1. Nearest 0.05, what FRET efficiency do A:Lys390 and A:Trp157 give at R0 = 41 Å with Cβ-Cβ as r?
2. Is region B:1-108 best put as rounded, prolate or oblate by its Cα gyration tensor, with a ≥ b ≥ c the root eigenvalues, rounded for a/c under 1.5, and otherwise prolate when a/b is larger than b/c, oblate when not?
3. Suppose all protein chains stay in the model; what accessible area per residue would a 1.4 Å probe give for chain A, in Å²?
4. With the other protein chains left in place, how much accessible area per residue, in square angstrom, belongs to region B:232-342 at a 1.4 angstrom probe?
5. Go through the protein assembly as shown and flag any cysteine with no other cysteine's C-beta closer than 4.7 Å, please.
6. Using a 1.4 angstrom probe, figure out how much accessible area region B:57-201 has per residue, in square angstrom, rounded to the nearest whole.
7. Hey, which lysines would be in cross-link range of A:Lys232, C-alpha to C-alpha under 22 Å, not counting anything within fewer than 8 residues on its own chain?
8. Interface size between chain A and chain B, please: total buried accessible area, 1.4 Å probe, rounded to the nearest 100 Å².
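The values are calculated or read from the model by the stated rules, or taken from the named source; none is laboratory data. No experiment lies behind these values; they were computed from the predicted model shown. Please note: Cβ atoms are built from the backbone with ideal geometry, for glycine as well, and neighbour counts cover all protein chains shown. With ligands, DNA and RNA removed, areas are computed over all heavy atoms of the protein, side chains included. Shrake-Rupley method; radii C 1.70, N 1.55, O 1.52, S 1.80 Å.
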Amino acid sequence: MKKKCVAMLLAGGKGSRLSSLTKNLAKPAVPFGGKYRIIDFTLSNCTNSGIDTVGVLTQYQPLVLHSYIGIGSAWDLDRKNGGVTVLPPYAESSEVKWYKGTASAIYQNLNYLEQYDPEYVLILSGDHIYKMDYSKMLDYHVERNADVSISVIEVPWEEANRFGIMNTNEQMEVVEFDEKPQNPKNNLASMGVYIFKWSVLQEYLEMDERNPYSSNDFGKDVIPLLIEEKKKLVAYPYKGYWKDVGTVKSLWEANMDLLKDDPELNLFSQDWRIYSVNPNQPPQFISAEAEVTDSLVNEGCVVYGTVQHSVLFQGVTVGKDTFLKKCVVMPDAVIGNNVYIENAIVPSGMTIEDGTVIRSNPELEEVLLVTPDYIRQQQVAARDAEVTEKRT
Amino acid sequence: MNMSMLGIIDATAHSQNIDDLIQNRSMAAIPFGGRYRLIDFVLSNLVNSGVDSVAIFPKYQYRSLMDHLGSGKEWDLNRKRDGLFFFPSPHLHDEYDEFGSFRQFKDHFDYFKRSRQEYTVITNSHTVCNIDFCKVLKHHIEMGCDVTEITKEGNSLQMYVLKTSLLKDLISSYDNNGFTTLNQVVNEGRSQLNICEYAYNGYVSVIDSIQSYFRYSLDLLKPEVWKELFPKAAPIYTKVKDEPPTKYLKSSYVRNSMIANGCRIEGHVENSIIFRAVHIGKDTVIKNGIIMQKSTVGENCVLDNVILDKDVKIGSHEVLKGTMEHPIVLRKGSVQGVLIKS
């Protein structure tokens with residue numbers, strides 16, 4: 001059935017810089033904000049923007065992501081006509097066609113789009129934390145009669161070299177695209193949110209696919225090609241909170257951002273709810289000895305110790321006389337008694353033995369990822385230190 | 001052995017002693033334990049015991065109960081075959097208004113006729129426990145009983161197990177055999193039936209008055225109680241809300257409390273149960289409080305031994321002090337003191 005706008009959500013990323021957090025799951029499935037997974041933000045944005053047809057392209061470690069998305073009911077995307085469809089790579093006649101890049105992922109699913117014969121296609125990435133009304137961007141796209149609209153955000157000048165920078169003229173038309181420029185001429189970074197005219201998308205994806213030298217990526221190949229061909233590309237300026245949580249540190253920072261008194265990203269607002277698969281857990285229990293301040297705590301947590309400036313996901317246990325500060329503790333982690341942890345992320349399901357002390361080097365401002373490997377290294381180091389001490 | 005069970009929840013109960021909390025809802029729908037309604041406990045117990053066809057017989061004010069249960073999805077009861085059924089009574093208040101009244105079942109007799117489950121569990125809707133009905137059924141079969149009554153320390157819990165065929169006989173002949181309720185069958189001794197007792201020794205609380213509601217709510221703060229009511233293997237299901245995690249601000253002081261999602265805690269909370277999306281203002285002190293969904297308490301208040309129903313709004317500098325025996329109850333939606341526009 002015909003749809004005005006269909007969204008294609010790229011969720012196949014590995015997120016290598018998230019280290020062992022993405023060992024068994026794709027980056028969009030990484031837990032965030034005490035309750036959510038990163039992809040919840042994009043899916044909720046779709047629902048809240050009135051987009052009810054979303055293809056989710058998966059590739060890397062899809063098990064957790066697939067079972068999490070299910071039939072999309074958590075985001076109200078279980079629809080008879082449209083709704084969410086998970087689109088993993090598939091085999092065609094003789095070969096399995098892995099998604100080489102973002103553009104080839106969409107190209108290989110043109111048949112999915114054809115069944116809805118949309119006027120516009122919204123391309124999204126499942127890697128970012130932000131709230132955005134895509135319907136306003138679509139209005140802008142239609143009003144400007146653009147071939148492609150690209151959502152851009154002003155980033156600090158000193159960081160502009162980390163992003164894909166859009167150089168625009170006075171009418172906000174994109175005249176040049178610089179991927180991670182050494183000397184940026186502009187500070188408008190692409191957010192990886194595109195709206196295409198369906199006919200333009202089809203034509204250029206086919207053209208890109210025929211080019212053997214292309215890496216089949218929107219940012220690197222398709223957008224520069226469109227600029228070269230003098231297509232009408234306009235930048236859509238977005239204002240508000242937007243964060244790429246690509247590294248352990250930025251993931252931790254984005255969690256800490258939520259603890260501000262008046263955070264830029266407000267999870268409490270009723271008018272733009274972030275939906276997620278709700279774990280069925282009893283309320284959190286804060287014991288008579290516990291102290292919890294300046295923190296976000298989810299259902300199913302049991303706290304006997306002290307928690308300051310931290311984010312606790314569902315089902316976390318914090319033992320007696322334990323002290324947590326500036327920590328992100330992911331679902332079902334069990335932290336024993338007499339533990340001290342500061343500036344760290346504790347991954348899902350980790351057990352921290354009684355008496356463990358984890359402290360980062362304050363001068364390095366590092367954020368520790370407390371994995372079983374990390375704990376083992378600490379133990380070995382402690383043992384070595386003991387041996388050395390005995391010898392001297 | 002056929003161990004299949006039909007679940008019947010008699011949700012007709014109505015007690016004047018809990019009047020303040022049932023102005024707009026049935027007892028089955030009274031909020032309890034931070035995020036649940038009373039019916040969630042028996043309903044989840046049935047589902048966890050493998051029951052996949054549950055019929056609810058409500059009578060008064062069942063709008064909020066229906067809204068809560070919806071299609072039964074949260075309990076995995078939105079099935080193509082079997083699932084959740086809702087059978088309101090077509091009669092107004094009358095002498096048949098008793099737990100386990102056969103007439104109310106007869107009004108919906110087709111449900112029993114069409115069911116293929118060998119056994120039936122009948123329970124009330126306002127008992128809080130985490131019981132495995134499979135164990136009761138096993139006992140029932142092993143002892144060769146006709147009707148098994150579940151008891152706690154000698155008192156009936158208004159929970160029964162019997163063969164569905166026997167129940168159908170009792171229902172269809174209630175007007176000529178003299179038994180109009182299940183209670184009569186079990187207690188009047190005129191029948192030829194083999195009546196058994198199953199003594200349950202787990203935690204149970206029956207909520208039928210403001211006093212019992214208050215006392216048993218605060219009972220949840222004992223770890224041995226919540227561990228028994230909320231085991232990982234047999235969860236209590238409820239309607240989910242998309243609330244964010246609860247935010248504890250820098251000024252918060254929370255001790256010995258159970259707190260649901262979506263709250264903003266700026267004040268002092270002790271020995272209390274806080275439901276979803278509650279806001280507690282700065283320098284406010286709450287002790288022994290049951291604060292239900294979406295209620296807000298302003299700054300510098302003192303609340304001691306209180307029950308605030310849903311959507312109650314309390315201004316700043318208010319003092320409300322009840323006692324353990326007589327907590328102050330503010331009805332749903334009431335407003336106390338001057339509200340500062342936020």
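1. 0.15
2. In terms of gyration-tensor shape, oblate.
3. 43 Å²
4. In whole numbers, region B:232-342 has 40 Å² accessible per residue.
5. Those would be A:Cys5, A:Cys46, A:Cys301, A:Cys327, B:Cys129, B:Cys134, B:Cys263, B:Cys301, since no other cysteine Cβ in the protein assembly as shown comes under 4.7 Å of theirs.
6. On the way: 7150 Å² over 145 residues.
Solvent-accessible surface per residue comes out at 49 Å².
7. Cross-link targets: A:Lys4, A:Lys136, A:Lys185, A:Lys197, A:Lys220.
8. Separately minus together, A and B give about 3200 Å² buried.
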